[in-house]
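For reference, the structure discussed in these notes is given below.
The numbers here are math on the coordinates, done by the rules we state, and not lab data. What you are looking at is a predicted structure, and each value in this text was computed from that prediction instead of being measured. Cβ coordinates were reconstructed from backbone atoms using ideal geometry, including for glycine residues, and neighbour counts include every protein chain displayed.
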Amino acid sequence: MKRIHLALLGYLVYRSGYIPKIIGILLAINGLGWLIDILNPYLYPNAHLGFIHITFFGDLFLMLWLLVRGWKIQEPTAHS
C-alpha cells in the first residue's frame with residue numbers, strides 16, 4: 001500500500017516530543033488522505049475528491065523540518 005504508514009508515523013511523532021506536534025498531526029492527516037485516495041474507487045466511486053491531494057504535504061514538512069532542525073534534536077524533558 002502506498003503511504004498508509006504515515007498515519008502511524010504521525011501518531012508516533014505526536015507522542016514522541018522530539019519533533020513538534022503539528023508535524024505529527026500533518027503526517028496523520030497525510031496518511032488518512034492516502035487511505036481515502038486508495039479507497040475512493042471502492043467506497044464512493046462517484047465522488048470527486050480532487051481536493052484531497054492538499055493533504056499530501058505532511059511528509060514534505062517532516063523532510064524540511066529534519067533538514068533544518070533535525071540534526072540538533074534535544075532529549076525531551078521528563079514529565080514528572
Burial ordering of Arg15, Arg3, fewest other beta-carbon atoms within 10 Å first: Arg15, Arg3
Using mean projected area of the Cα convex hull in nm² as the read-out, say which of (i) 8.3; (ii) 6.4; (iii) 4.8 was calculated from these coordinates. (ii)
What residues of segment 20-38 lie in the reach of a label at Tyr44, counting those whose backbone N is under 12 Å from a point 7 Å from the Cα along Cα→Cβ? 36-37
By Cβ neighbour count within 10 Å, fewest first, Phe57, Phe51 rank Phe51, Phe57
Exposure proxy check on Trp71, Trp65, Trp34: fewest-to-most Cβ neighbours within 10 Å is Trp71, Trp65, Trp34
What size of dipole, in debye to the nearest 20, comes out for the chain about its Cα centre when the only charges are +1 on Lys and Arg C-beta atoms and -1 on Asp and Glu C-beta atoms? 140 debye
